[in-house]
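Just below is one structure, and these are the notes that go with it.
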Amino acid sequence: MTRTKRGYIARRRRTKTRFFASSFRGAHSKLTRTITQQTIRALFSAHRDRDKQKINFRRLWITRINAVIREKVVSYNYSKLIHDLYKRQLLLNRKILAQIAISNRNCLYMISNEIIKEVDWKESTGII
């Protein structure tokens, strides 16, 4: 019986995963089986942590906004600010508000004061 020569497809797949794992340490970049395991693990972690990163940044923005708002006005906080922004139909997202809070606090104070004044005025006249 003559010898059957295998194709190049499996080798090409393995070299592709080896190239992906070339920066890993030790056997994780040398042995084919551990390369595939570590590649799957790395891709899984990257996918999971992309969602985690979005959650963490949103939490950071909320914390920054709340810290700046509570500094100036005593009985006003983040949730009331966001509620009043929606009432007034101002479309400022949390990322922009956090950047304003860090770079220019007075601007955020002015925004919150205007919102408080308008909401109080509307409530006193019975519009809302």
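The values are calculated or read from the model by the stated rules, or taken from the named source; none is laboratory data. Not measured: the values here are computed from a predicted model. Virtual Cβ from ideal backbone geometry, glycine too; neighbours counted across all protein chains shown. Areas reflect the complete protein model, heavy atoms only, side chains present, ligands, DNA and RNA absent. Shrake-Rupley method; radii C 1.70, N 1.55, O 1.52, S 1.80 Å.
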For the chain, the longest principal axis of the Cα atoms and the Cα long axis of helix 9-20 enclose an angle in degrees, to the nearest 10, of 50 degrees
Which of Lys80, Lys95, Lys30 moves the most in a Gaussian network model of the chain with Cα springs under 10 Å? Lys30
Among the lysines, which fall within straight-line cross-link reach of Lys5, defined as a Cα-Cα distance under 29 Å, with same-chain neighbours fewer than 8 residues apart omitted? Lys16, Lys30
Residue-averaged 222 nm ellipticity for the chain, from DSSP H runs of 4+ at -39500 (n - 2.57), nearest 500: -25500 deg cm²/dmol
Within 10 Å, count the other beta carbons around each residue, average over each peptide in 99-109, 16-26, and list them highest first. 99-109, 16-26
Neighbours of Ala46 by Cβ distance under 15 Å: Lys/Arg at +1, Asp/Glu at -1, summed charge +3
Let me have the relative contact order for the chain, percent, based on Cα pairs under 8 Å that are six or more residues apart. 16 percent
For segment 93-101, Karplus couplings with θ = phi - 60° (6.51, -1.76, 1.60), whole Hz, Gly/Pro x: 7, 5, 5, 5, 4, 5, 5, 5, 4
Multiplying the sequence separation of Ile9 and Asn106 by 0.36 nm and subtracting their Cα-Cα distance, what value in nm do you get? 28.6 nm
Find the accessible area per residue for the chain; the probe is 1.4 Å, ligands and nucleic acids are left out, and the unit is Å². 81 Å²
Segment 45-61 - phi-based ³J(HN,Hα) in whole Hz, Karplus 6.51/-1.76/1.60, Gly and Pro as x: 5, 5, 5, 5, 6, 5, 5, 4, 5, 4, 5, 5, 5, 4, 4, 5, 4
Which semi-axis lengths, in whole Å and largest first, follow from the square roots of five times the eigenvalues of the Cα gyration tensor of the chain? 59, 15, 10
Using a Förster distance of 25 Å, how high is the FRET efficiency between Leu90 and Gln53, based on the Cβ-Cβ distance and rounded to 0.05? 0.40
Which angle from 0 to 90°, rounded to the nearest 10, does the C-alpha axis of helix 105-125 make with the longest principal axis of the chain? 50 degrees
